[in-house]
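Asker: Before I ask anything, let me first share the structure, which is written out below as structure tokens.
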Amino acid sequence: YHTHILTLFFTMATTPTSTSASMIEEENLLTSISSTATASTPAADNATASKKTETSAQSTAARSTVPKHIVSHLNQHYVDHSYTDYAYANDDDLRLMKENSRSGGAEIETKVGATITKTLLGMSCSYGPMKSKGQGGNVMMPFPGKLLEVLDRGDLTSIIDWMPHGRAFIVKQPKVFTAQVLSRFFKQTKLMSFTRQVNLWGFKRITRGIDAGAYYHALFLPGMPNLAMRMKRQKIKGTGICRIPNPIQEPNFYCQYSHVERVQRSGVSIPLPPLPCERIANLMHDG
């Protein structure tokens with residue numbers, strides 16, 4: 001290729017004038033050289049593609065040889081959707097476990113099953129039934145118990161409600177929930193504060209399907225306050241790591257698990273707690 005170019009330049013330099021015939025010959029020579037160069041391009045492309053394929057294969061092989069402890073560390077950044085079914089445990093039995101764990105365990109074992117009994121007996125309750133604090137009033141119920149109370153009322157279902165399967169809940173009207181429910185039951189005024197408590201108590205969020213936007217916890221089921229007492233709140237507000245959604249492992253409560261019945265309320269409705277402004281007005285009126 002280079003020899004042809006040098007020959008062409010040498011010929012042009014030593015020839016003072018050029019006729020039309022010589023110009024045609026030069027053009028033909030250049031065309032021939034260009035064709036030769038173009039003909040060699042596919043081979044070069046094939047070589048480049050082969051190198052890319054080899055590099056990709058080496059990269060894949062490198063990833064497959066990553067140590068298991070590193071893979072395990074990476075998996076910790078994803079939301080863990082493992083789920084244990086506690087729905088077949090009787091809440092009265094759980095209450096007996098709390099009151100008398102020594103004698104209750106053997107009696108409950110035949111009702112609930114040895115495996116679930118052993119698991120629940122090994123869980124300590126993070127809180128118990130709320131008792132009077134004396135003249136100062138009642139102690140503020142922890143978040144899971146208060147949330148369960150709100151969901152089991154039955155008169156706020158248009159705002160916050162259980163999903164049809166009873167294993168997860170969803171806030172249907174966030175604005176109304178913030179204005180009418182948060183300040184009444186949770187002494188909060190921002191939805192973000194409520195969501196933070198949900199996350200701190202270990203609830204997991206569903207991101208796809210019919211239940212998208214709903215939250216669930218294996219120990220949080222309708223009409224089972226003694227089961228919810230075994231939920232644990234994180235001692236710190238975060239690890240600085242935002243968990244990556246893991247929709248592939250999210251449970252399908254419509255197909256994989258039996259539905260949980262809701263609490264059947266009588267026709268007598270429970271009065272709603274007053275709003276902060278209403279409490280102030282009542283105090284001023286009483287004064």
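The values are calculated or read from the model by the stated rules, or taken from the named source; none is laboratory data. It should be emphasised that the depicted structure is a prediction, and the values quoted were computed from it without experimental measurement. Every residue, glycine as well, gets a Cβ built from its backbone with ideal geometry; the counts of neighbours run over all protein chains shown. Ligands, DNA and RNA are excluded from the accessible area calculation, which covers all protein heavy atoms including side chains. Shrake-Rupley method; radii C 1.70, N 1.55, O 1.52, S 1.80 Å.
Asker: From the set of residues in region 244-287 that are under 30 Å from Arg205 (Cα atoms), hydrophobic (A, V, I, L, M, F, W, C) and assigned to a loop (DSSP other than H, G, I, E, B), which is modelled with the lowest pLDDT?
Answerer: Filtering first and then ranking leaves Ile270.
Asker: Which residues, taken from region 164-201, are of a type in the set (Gly, Ala, Ser) and in contact (Cβ under 8 Å) with a residue 60 or more places away in the chain? Show your work before the answer.
Answerer: As a first pass, look at region 164-201 and keep what is of a type in the set (Gly, Ala, Ser): 166, 168, 179, 183, 193.
Within region 164-201, Gly166, Ala168, Ser183 qualify.
Asker: Additional query: Report yes if Phe169 is open to solvent by less than 10 Å² (accessible area, probe 1.4 Å), in a loop (DSSP other than H, G, I, E, B) and of a type in the set (A, V, I, L, M, F, W, C), otherwise no.
Answerer: no
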